[in-house]
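Below is one structure, written out as structure tokens, with a few remarks after it.
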Number of protein chains: 2
Amino acid sequence: MQKRKLTLLVFLFAAVFANAQGRVSIKSPDQLMSLTVKNDIGGNITYEVAYKTKTVVAPSSLGFSFKEPALQVTSFDILSIDSTVVDKSWEPVWGETKLIRDNYKQLVLRLASHTKDRILLNIFFRAYNDGIAFRYEFPEQKGLMHFIIGDELTGFAMTGDHQSFWIPGDYDTNEYSYNHTSISRINAMVGDEAKEINVRSLFDSNAVQTPLMMKTAEGIYINIHEAALSNYPAMNLVLDKKKFNFNARLVPDAVGNKAYLQTPAKTPWRTILISDNAATLLASKMVLNCNEPSKISNTSFVKPQKFVGVWWEMHVGKSSWDYSGGQVGSQQQSKVPHGANTANVKRYIDFASSNGFDGVLVEGWNTGWEDWFGKWKEDVFDFLTPYPDYDLEALTAYAKQKNVRIIMHHETSGSVTNYERYMDRAYALMKSHNMNSVKSGYVGRIIPRGEHHDGQWMVKHYERVAKTTGENGIMVDMHEPVRPTGMHRTYPNWLACEAARGNEFNAWSVGNPPDHETILPFTRLIGGPMDYTPGIFRIKMSYYNPGKKEQIHTTLCKQLALYVTMYSPLQMAADLPENYEQKPDAFQFIKDVAVDWDDTKILAAEPGDYIYIARKEKGKANWFVGGITDENSREFVLKTDFLEKGTSYLAKVYRDAPDADWKTNPEAYVIEKFIVDNRTAMKLRLAPGGGFAVSLMPATKADISSTPKYRNK
Amino acid sequence: MQKRKLTLLVFLFAAVFANAQGRVSIKSPDQLMSLTVKNDIGGNITYEVAYKTKTVVAPSSLGFSFKEPALQVTSFDILSIDSTVVDKSWEPVWGETKLIRDNYKQLVLRLASHTKDRILLNIFFRAYNDGIAFRYEFPEQKGLMHFIIGDELTGFAMTGDHQSFWIPGDYDTNEYSYNHTSISRINAMVGDEAKEINVRSLFDSNAVQTPLMMKTAEGIYINIHEAALSNYPAMNLVLDKKKFNFNARLVPDAVGNKAYLQTPAKTPWRTILISDNAATLLASKMVLNCNEPSKISNTSFVKPQKFVGVWWEMHVGKSSWDYSGGQVGSQQQSKVPHGANTANVKRYIDFASSNGFDGVLVEGWNTGWEDWFGKWKEDVFDFLTPYPDYDLEALTAYAKQKNVRIIMHHETSGSVTNYERYMDRAYALMKSHNMNSVKSGYVGRIIPRGEHHDGQWMVKHYERVAKTTGENGIMVDMHEPVRPTGMHRTYPNWLACEAARGNEFNAWSVGNPPDHETILPFTRLIGGPMDYTPGIFRIKMSYYNPGKKEQIHTTLCKQLALYVTMYSPLQMAADLPENYEQKPDAFQFIKDVAVDWDDTKILAAEPGDYIYIARKEKGKANWFVGGITDENSREFVLKTDFLEKGTSYLAKVYRDAPDADWKTNPEAYVIEKFIVDNRTAMKLRLAPGGGFAVSLMPATKADISSTPKYRNK
């Protein structure tokens, strides 16, 4: 770690700002990114960002409006300016790479507001090679202890009518499909049509969520998000269309306040990733770098993993979450058997065990599903009581004997006060039954009533769950939480979140358009891993019910590719065991693919179009490559120059059949084997809505003698 | 238990109502109270009440407005009418009498609303000898499962401009002084002046709380309240001044809804006590009778008790709740020692043990008091961590050795989400440290933010605490909860509540006027016992700090009398041990007085003026008498005709000295002993703001020989 004071610079700044007016700039270590802060004659502070001499963020506002005490904190005297360079590296507990470099120049402005009682406020700016980050800090001070944020007045002024990938600003859900429009054509009220999402809280037709992905006419990629969202509400962005200016809009609480803070207090980092190369942006670790190191002292229990589960069969209507079949309030319409019965779960355990999976998720194991949904009901689940046909003791013993762990399921139905009452007992039950992973869910309007999924109260709840599970040796995977902001660095047991439109929507709604998975890594995944639940082999729901028109909007091979392109340390093989058993050759890729990595190469990427990624398995010589496309067919030349020089690898290629198509022929695939090395350039065709997956393992002598060598064409 | 169907009557009613218009009446067992229900041509149902031929409640509305589904449920078809007579008796776990008779006539109307989707609604009416009660019930029905109450449309139409004892309608506090005005002069905004109450939520200048005590020009006493408040918000009453009509106004939740119900659902009972004798009204057990029997299966741990505590010394400014002395946010201004230190608590334990007290309350034992107050802060206390100068282990052992129990203190600071997270662990800590009583507190704005102390969410919380403590063998005493409604019948471990303006206000505010304690039994105590914390011997706060003008607004003898007149199974000797030690003769009454009773005689009472009560100790022959007056001096002739005939009793009389006066000479008292019997008529003078206390124990021979016989004058 390198850290030195730029004393000379500091004095210079202090001089410039002595007139209460002036400017100060810092540049990224590679000198390509520059951030300038200006202080005008009225005391207003603005920032602007340039990349390779082009302005990317025009002068943008900074500051706050307080509710208690009632103050506008928008103009300041500058007390001091400080600057440092940081260059260090750290090893994540799990991740896309073994080592992460954290290298930036930091500028700290210490300010005092022009209000009668002067408020001390520090702003930390960082210039990274791959973007800009800044956060506000209210230091401990005599005149300000407890305060309530009315509004954060941060702006992000764009320089033109960029192309953008956006979902509507919403206080409760991030399960929308992405829109791809110019900024000027943003209209959040399209979210009103998304009836498949139960709880929507749209609030402004010009509002969008972060991560907001944009591309300028000059080909610069810009991504606005936040990092280290802790004890603060999530930020939406409200567009001023005349100026292409996005303004922060924090999620309010039940009484309209934004955040209750006590000095010393820090906001999340506001992050702007910038690059003229989409692959570089995708590889950015800036959001992670802005988060705190692990607060979980012992992380030895944290293990990336693959799992199967009693889950997809409910989504396709084969079985039900509830026991009675009454189905009141659940999504099922007709009476079907209860999925989480002992015999069925044993079948999943057998399947997991014989195919090398770590866990078996069981949803619907506990009482309450007869009346859990959509009624803002507080006392729903107790997270303790199994249904009578679910033999918790026997299944625990059986799973242990089969070297598999059952993954606990805690659906809160949005009744978080209720969940918090039971958390201690629920985690104790898990521990006494050999479970160390929990999937939680937040479907429904939040209780405390009036609170939102993305407000400060819930943000604190998610972190409380991450912390409490972590201290109890439990890994957690949250569905329907606030969008991630890299907090998994701080809580490495917080393996993944859904927090976006997952594969499940394909089972019972208009589904996810074929470009969905090419956008997610540029948007939602900027904040952290997603439990997307890939691996669906039965693409069309008509298989289960001839009347159904729903389907997965990909080919089967694209489902395989997602294990590589949709990064997560927690990956589900989401389809039914019987569907995998019918295609053991294709299933082999899911069995083989790793979930933790030494290295990641973004080979090529364009949001909304395609993503090609190669990753090296953690601690092993194996590589896995995934490629996906949108609704268009594509060809890709996979240059395996990342492989170890002079080593032969056995490549298993899983690709769309020549006549495959996500709509008309999604399940057609071809599997081929080749011997390859680091000079190979393999031509691969992706069907419309298709993809490919390749595993590359050091070849044995037997492999080499029995397998053709790939010849570059 | 006697219970028979009045089949004939039922048919008669059914006939009357066949035209969808008509009236039906029931009378109380003594025939003096009559209730008439009318159904008008539009389907509206009203009720009216007469007492001894005088109309007491004019025709008043019934019904609901629903928020979800959006419906007005105000006109009905009558499906059936049923009537029963009940006459049974039950033994409370503790109480003012050993046996309680429950005798009423009940009328049940089964209704179907005129809405498109017909809502089934039953109304239960009961005519008791001492009042009327009714409740709504939504039975299980196909067309209505979950619903949200927008408003309850119950009215209480008075027949004239009665005298009334009222406090302002408020969603968060009941700690106001009582106003005594005619109905037409009600003005709730006087509550705005009550700056000594931290959290006030006044909402309508015509709103008052229940229990609302009234007296008609003809001398009929009327008290409106509710019974069995469970899973429902508390009811305020908003006056229509033109009609002297009080309309129910339920406390809203954070989003303005009133109650979330699921069929089958019941509202609390709406209760109207009526009598032309104030003492009869005071003796009423109707509210208790309307509550459910105990839901705590094993109540053997429940014991009425007297206690002392590290508490008053903080109120008078001698010591502090917090350890650091920083005092941020607490009520203390200057630095004083931490009260809950090991040596000081030992002193209280010694004092309790040598004077026969059961418990020692210790407030300020746990970390968090430096910054607990008034900031709507969520993470304040953990209810687990003692201050470093409080040796929990040593004090537990010491108390046990001294045959005393420490009473746990759980101040939530209104942050109830936080308390609920810790409840399990907090009660486990108590049990592992030999504690079986907890005093809880709810000072401050409620979290979940937007919820109110008296809304449905909090009502559920209080009941959850009562239930959970009960199941854990713990007794509970709640401060700042919703006003009680007799739920201590259902949870006998819920010994007492504050829920009104307690004695503590005298220490640091304008205090409680001298008539306060003569009103409370007619208002707040109609719902249940109050932890008023009587027994203050050092009346004037100038004793502690010459600059202070605050004082208790009673004489010392009135403080003694309160142990009898202010019923509670949990009574504190609230003053400091050193103050009691200086007046051991007067303290003797507090040591002697019982806290559980075989029988109670309301000898005479008039709200706002005086109360005289005699009670017989549970399982013993001892009687205790208390008499209190308002600001006026009075004379009372205590006829001890309740004593066992032919038995001589040693009477110890604690009375105001002739020159005593609450304002000028409050601590002057006289103690006398006499031998009395059931023919004694003892003349007693009460000073302005004064009172008397008398203990009556069967006389020993030594007593008789050494003590003068009281001679009636």
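The values are calculated or read from the model by the stated rules, or taken from the named source; none is laboratory data. Treat the numbers as computed from the prediction; the structure is a model and nothing was measured. Cβ: placed from backbone, ideal geometry, glycine included. Neighbour counts: every protein chain shown. Side chains are part of the model used for accessible areas, which takes the heavy atoms of the whole protein and leaves out ligands, DNA and RNA. Shrake-Rupley method; radii C 1.70, N 1.55, O 1.52, S 1.80 Å.
Couple of notes before you dig in:
- Residues of segment A:254-277 classified as open to solvent by 10 Å² or more (accessible area, probe 1.4 Å), within 24 Å of the chain's Cα centre (by Cα) and farther than 27 Å from A:LYS142 by Cβ, total: 2
- Restricting the search to strands (runs of 3 or more DSSP E) fully inside segment A:31-111 and requiring at least 1 residues that are within 23 Å of A:TYR221 (Cα to Cα) and not hydrophobic (A, V, I, L, M, F, W, C) gives A:33-39, A:45-51, A:54-61.
- Some residue of segment A:57-74 being open to solvent by 40 Å² or more (accessible area, probe 1.4 Å), at pLDDT 95 or above and under 29 Å from the mean Cα position of the chain (by Cα): yes
- Scanning segment B:404-427 for residues that are of a type in the set (S, T, N, Q) and assigned to a helix (DSSP H, G or I) yields a count of 2.
- Of all residues in segment A:163-179, those that are closer than 24 Å to A:VAL56 by Cβ and in contact (Cβ under 8 Å) with a residue 12 or more places away in the chain have Cβ atoms under 7 Å from Cβ atoms of residues that are of a type in the set (Asp, Glu) and open to solvent by 10 Å² or more (accessible area, probe 1.4 Å), 6 or more apart or on another chain, in A:GLY169/A:ASP204.
- Count of segment A:200-259 residues which are under 20 Å from A:TYR176 (Cα atoms), touching a His at 6+ places or on another chain (Cβ under 7 Å) and hydroxyl-bearing (Ser, Thr, Tyr): 2
- Count of residues meeting criterion [within 29 Å of B:MET478 (Cα to Cα), among the aliphatic types (A, V, I, L, M) and surrounded by fewer than 22 Cβ atoms within 10 Å (Cβ to Cβ)] in segment B:135-194: 4
- Positions within segment B:422-463 being under 16 Å from B:MET487 (Cα atoms) and open to solvent by 10 Å² or more (accessible area, probe 1.4 Å), in sequence order: B:GLN456, B:LYS460, B:GLU463
- Residue in segment A:500-510 that is under 22 Å from A:ASN231 (Cα atoms) and in contact with an Asp or Glu (Cβ under 7 Å, 6 or more places away or on another chain) present: yes
- Residues of segment A:704-713 classified as surrounded by 11 or more Cβ atoms within 10 Å (Cβ to Cβ) and either under 38 Å from the mean Cα position of the chain (by Cα) or at pLDDT below 95 (or both), total: 2
- Residues considered: B:TYR442, B:TYR419. Of these, the only one that is under 22 Å from B:ASN231 (Cα atoms) and either away from chain A (no Cβ under 13 Å) or in contact with a Cys (Cβ under 9 Å, 6 or more places away or on another chain) (or both) is B:TYR442.
- Scope segment B:217-257; condition under 15 Å from B:ASP161 (Cβ atoms) and part of a strand (DSSP E or B); matching residues: B:ILE222, B:LEU239, B:ASP240, B:ASN245, B:PHE246
- Count of residues meeting criterion [aliphatic (A, V, I, L, M) and under 20 Å from B:TRP597 (Cα atoms)] in segment B:521-552: 3
- Residue-level check: of (1) closer than 27 Å to B:MET286 by Cβ; (2) small (Gly, Ala, Ser); (3) open to solvent by 10 Å² or more (accessible area, probe 1.4 Å), B:ALA466 misses just (3).
- Pairs are defined by a Cβ separation below 8 Å, a sequence spacing of at least 6 or placement on different chains, a first member in segment A:567-594 that is in a helix (DSSP H, G or I), and a second member that is modelled with pLDDT of 95 or more and of a type in the set (Gly, Ala, Ser); the pairs so defined are A:TYR580/A:ALA573; A:PHE587/A:ALA573; A:PHE589/A:ALA693; A:PHE589/A:SER695; A:ILE590/A:GLY535; A:ILE590/A:ALA573; A:LYS591/A:GLY356; A:ASP592/A:SER695.
- Candidates in segment B:368-416 are the residues that are of a type in the set (Val, Ile, Thr) and crowded, with 20+ Cβ neighbours inside 10 Å; of these, the one that is farthest from the other protein chains (Cβ to nearest Cβ) is B:VAL404.
- Cβ pairs under 9 Å, 6+ apart, first in segment B:38-56 and closer than 19 Å to B:MET214 by Cα, second open to solvent by 60 Å² or more (accessible area, probe 1.4 Å) and of a type in the set (S, T, N, Q): B:GLU48/B:THR55; B:VAL49/B:THR55; B:LYS54/B:THR159; B:THR55/B:THR159; B:VAL56/B:THR159
- Taken across segment B:556-570, residues that are under 30 Å from B:SER164 (Cα atoms) and either over 21 Å from the mean Cα position of the chain (by Cα) or open to solvent by 30 Å² or more (accessible area, probe 1.4 Å) (or both) do occur, with at least one present.
- So B:VAL459, is it closer than 21 Å to A:TYR419 by Cβ, among the aliphatic types (A, V, I, L, M) and out of contact with any Leu (no Cβ under 7 Å at 6 or more places or on another chain): no
- Residue check, A:THR485 in a loop (DSSP other than H, G, I, E, B) and modelled with pLDDT of 95 or more: yes
- Residue match in segment A:617-633 (condition: in a loop (DSSP other than H, G, I, E, B), open to solvent by 40 Å² or more (accessible area, probe 1.4 Å) and on the phi > 0 side of the Ramachandran plot): yes
- Residue within segment A:219-233 that is away from chain B (no Cβ under 14 Å), over 17 Å from the mean Cα position of the chain (by Cα), open to solvent by 50 Å² or more (accessible area, probe 1.4 Å) and over 30 Å from A:GLY143 (Cβ atoms) present: no
- Test: residue in segment B:530-545 that is within 16 Å of B:VAL416 (Cβ to Cβ), open to solvent by 10 Å² or more (accessible area, probe 1.4 Å) and either within 14 Å of chain A (Cβ to nearest Cβ) or more than 20 Å from the chain's Cα centre (by Cα) (or both): no
- Where helices (runs of 4 or more DSSP H) fall wholly inside segment B:258-366, the ranges with 1 or more residues that are away from chain A (no Cβ under 14 Å) and out of contact with any Gly (no Cβ under 9 Å at 6 or more places or on another chain) are B:278-282, B:312-315, B:342-354.
- Residue among B:GLU378, B:GLU411, B:GLU370 that alone is closer than 26 Å to B:PRO304 by Cα and of a type outside the set (Val, Ile, Thr): B:GLU411
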